[in-house]
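Take a look at the structure set out below.
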Amino acid sequence: MSFPEAQPPALLEAVSLSCRRGPVRLFHGLTLTAAGGEAVCLRGPNGSGKTTLLRCLAGLTRLDAGEVRWSGRPITDEDCAFRESLAFVGHLPAVKDDLTAEENLDFALKLRGVHVTDGQRRAALEQVGLGRRLTLPARRLSAGQRRRVGLARLALDPARLWLLDEPLTALDDEGQQLFRDLLAAHLSSGGVCVAATHHPLAPAGGHAREVWLA
Amino acid sequence: MNWFYYASPATFYGLAGRLAPYFFLLAAVLTGWGLYLGMLVAPTDAQQGEVYRVIYIHVPAAWMSMFLYFIMACYGALTLIFNTRLSGMMARAIAPTGAMFTFIALWTGAFWGKPTWGAYWVWDARLTSELVLLFLYFGFIALANAFEDPRRGDRAAALLAVIGVVNLPIIYFSVKWWNTLHQGASVSFKGTSMHVTMFTAMLVMSAAAWMYAIAVTLVRVRSIILERERRAQWVREAVKA
Amino acid sequence: MNGNATAASGSFAGAIAWSVSRDLRLALRHPDETLLTVAFFALVASLFPLAIGPEPQLLARIGPGIIWVAALLAAFLALPSLFAGDYADGTLEQMVLSPHPSFGWALGKALGHWLVTGLPLVILSPLIGLQFGLPPDALLVQALSLALGTPLLSLLGGACAALSLGARGGGTLLAVLALPLFVPVLIFGSGATEAQATGIPPEAHLSLLAAGLLLALVAVPFAIVAALKIAVD
Amino acid sequence: MNLWWKSAADFWAMGGAGYFVWMSYGALLLAVVIELIGLALRRRRALAAIEEERELEAEN
């Protein structure tokens, strides 16, 4: 896949970010940009601030300095427009034990303001291998299966920016392949992805820029 | 003067250290003068006899308890809006002194009430809202210390102080409404005509309470800064000196 | 990313619908929690006659206050779990990052809490009022005062629950935070029933409660969102 | 400024209300003393923690 000479306009720009966690300063003056179709992989030892950086990009954690811009506009506090194009996957899979896999997916998408038909929802769950567990309360699902509910949400979510925290944890080989297919489709349609992960993120043949945090 | 120069804990630590002794001195002088005026010079009150002299600490304590909560809410707003570290520490530094003044207001109110109204605790509008204010202070202190990360405690307690200060007048007027509904208008302190020395003594004691509160807050915020920045390099020099 | 899903769009109605429908469905999966709140209300209210004695005039006089305190404590008991579940399983992050206006789902959460705890108390209160021998008109005013007061408790209590998320001390801390703020609601709520029972028109109390509720509906969700953003930071 | 009281005994008696007046003023004095001692203790604990931190750092 040849990369056009002129740099595509940067969709996500983070300019000289700095953030402290208690007395420890995690990063300072960090700048990061990502254009459409690009994946950025945050690497670094545990506790180096990968998760905090992701949460700063999403606007969850308050920055001490610096600014995050999405398609040229700085992100404000109550920024519904930016969040319409953001899909954030944190450490916890945000799955309710008392609801079934389908209900969890339904409410997760409604919370994202995304409306899909029942058929699309069921197809997505089949695609991620949960076809036969639709009516099972999520309490009975394994950690990997809960992650797959998250994958189904990503499959149906039209967000252009993916901020993923350790997306491959608890996924078996088949699950990781599912994720890489979804990521490839997301990038090829001009989406952006920033992920904190230890597993190789780059889909076969693709490229993922790496940013190392001390 | 660069306003934010003193907003950084390191520089404020030095400034507070230099200012605190002066405020303590001022507090001592004003207290001495106020007590001299109030206890030794002021005449007996026509209606209440000598027990009214408790007013010289009851009223300043009540004023301080409400005003310090308001100042805590202002520092809290600063913390929430500008995310400054020092304002959160200042709010924490004020809280115990505010709670102390509230307790003193309640205690002196009770010991004044016994000879005047015949009972230590009277569900008077002011005393009752003072009691609720004491719970608000406990809530602030408990919430500020309930988190691992002190910054998280600062922000949560700051928001509670802002919510509290908005609710304080509502609580006061609802208690006042409730009180007049059940007992009719209770005797008000302002009934007694204030002899000029009495009034000056009370003002001087209020000023003394002010100076004391500032002094104690400055000293306490220095300890908080040391606790928060114990790993910082500047702390080592500051402590060695 | 298949293109056929519609683009994400946040809306106020969507936010309220999401939080209320989800919380009601979760509550239906656990009907015992709602019954617990109602059982607690009835239990606390019936402790007092056991403690004070069955003497009707006395019970009729103190009934309104006791019923209101019992309702307040029952509504308070369900508060800690309001955001704790979402905070623990990561849904809270998704809520804060949702394109829906945060005022919407915060109001929806408080409304959901009220539907599950406040409303049953309002419906049951006449029954408990009979236990205390309150006249029918007082029972009506009491139900009305609870109907206006309990949403206020859900809103104010919701803000305190959000503040104490992830804090040591759990329920007792929440009590120290929330109960002082409940004082005005208790005063006007129990005052309304007592006024009716003693022949004074209760309109003043009820209108003040309604004013408080309107004020809280407009202002408190902002405090809830601010507290949740601090918790999620 | 001539003093109001004839004798020290009158002053302490406070026209019969001495108990209430001195219990109030005593409480204030006690509260202030407790607060000041608390401040001193807190400062000493903070300094000790810094010292400890320095020793910890010196070791590794």
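Below, the figures for the structure above:
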quantity	calculated
Per residue solvent-accessible surface (Å²) - segment A:82-214, probe of 1.4 Å	38 Å²
With Cα atoms, 0 to 90° folded angle of helix C:102-113 axis to chain C main axis	40 degrees
Fully extended contour minus Cα-Cα distance, from residue D:40 to residue D:59, at 0.36 nm per residue	3.9 nm
Other protein chain Cβ atoms within 10 Å, averaged over every residue that makes up A:60-73	1
Proximal charge balance of residue C:199 [Cβ under 14 Å; K/R count +1, D/E count -1]	-2
Pairwise Lys count, the protein assembly as shown - Cα closer than 19 Å, eight or more residues apart or different chains	6
Magnitude of the charge dipole, the protein assembly as shown, Cβ model with Lys/Arg +1 and Asp/Glu -1, debye to 20	960 debye
Accessible surface buried upon D-B contact (total; probe 1.4 Å; Å², nearest 100)	3500 Å²
Gained length - residue A:25 relative to residue A:69, 0.36 nm times residue gap less alpha-carbon distance	13.6 nm
Computed E for residue C:172/residue A:97 - FRET, C-beta separation, R0 22 angstrom, nearest 0.05	0.25
Heavy-atom accessible area order for A:25, A:209, B:222, A:148, largest first, 1.4 Å probe	A:25, A:209, B:222, A:148
Accessible-area ranking of D:6, C:229, B:240, largest first, probe 1.4 Å	D:6, B:240, C:229
Chain C - percent relative contact order, Cα under 8 Å, separation 6 or more	26 percent
Residues listed by number, segment C:7-27, amide nitrogen under 13 Å from residue C:218 label point at 7 Å toward C-beta	none
Crossing angle, helix C:136-163 versus chain C [Cα axis fit, 0-90 degrees, rounded to tens]	40 degrees
Degrees between helix C:31-52 axis and first principal axis of chain C (Cα, 0 to 90, nearest 10)	30 degrees
Projected label distance in nm at residue D:29 and residue D:5, using a 7 Å step from Cα toward the beta-carbon	1.2 nm
DSSP beta bridge pairing in chain A, given as percent antiparallel to the nearest 5	45 percent
Projected label distance in nm at residue B:11 and residue A:120, using a 7 Å step from Cα toward the beta-carbon	5.6 nm
Antiparallel DSSP beta bridges within the protein assembly as shown, as percent of all bridges there, nearest 5	50 percent
Förster radius 22 Å - calculated FRET efficiency between residue B:121 and residue C:52, Cβ distance, rounded to 0.05	0.55
Alpha-carbon Debye profile of segment B:33-126, log10 I(q)/I(0) at 0.17, 0.23, 0.24 Å⁻¹	-0.80, -1.09, -1.14
Residue C:88-residue C:123 FRET efficiency (beta carbon distance; Förster radius 30 Å; 0.05 resolution)	0.45
Cα gyration tensor, segment A:1-96 - rounded (a/c under 1.5), prolate or oblate	rounded
Surface accessible to a 1.4 Å probe, residue B:135 within the full protein complex, Å²	90 Å²
Taking N as its residue count, the alpha carbon Rg of chain D over 2.2 N^0.38 Å	2.20
Shape parameters for the protein assembly as shown, alpha-carbon atoms, Rg then Dmax in Å	30.6, 104
Charge dipole of chain C about the Cα centre (unit charges at C-beta), most positive-ward option of C:43, C:130, C:182	C:182
Two-decimal Rg to Rh for chain C - Kirkwood Rh, Cα set	1.03
Approximate shape of segment C:50-150 as ellipsoid semi-axes (Cα gyration tensor, √5λ), whole Å, largest first	37, 14, 8
Accessible area expressed per residue, chain B, with surrounding protein chains retained (probe 1.4 Å, Å²)	41 Å²
D:23, B:90, ranked by accessible area, largest first (probe 1.4 Å)	D:23, B:90
Cα gyration tensor shape of segment B:25-240, rounded if a/c is under 1.5, else prolate or oblate by comparing a/b with b/c	oblate
Apportionment of accessible area to carbon and sulfur, chain B, percent (1.4 Å)	73 percent
Residue B:46-residue D:51 pseudo-label distance in nm [points 7 Å out on the Cα-to-Cβ vector]	6.3 nm
Ratio of the Cα radius of gyration of segment A:10-212 to 2.2 N^0.38 Å, where N counts its residues	1.02
Signed unit charges on C-beta, dipole axis of the protein assembly as shown, positive-most listed residue B:170, A:108, C:60	B:170
Taking the C-alpha atoms of segment A:122-166, convex hull volume expressed per residue in Å³	79 Å³
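The values are calculated or read from the model by the stated rules, or taken from the named source; none is laboratory data. Owing to the predicted nature of the structure, the values given are computational and were not obtained by experimental measurement. All Cβ positions, glycine included, derive from the backbone under ideal geometry; neighbour counts span all protein chains shown. Heavy atoms of the whole protein, side chains included, go into the accessibility calculation; ligands, DNA and RNA do not. Shrake-Rupley method; radii C 1.70, N 1.55, O 1.52, S 1.80 Å.
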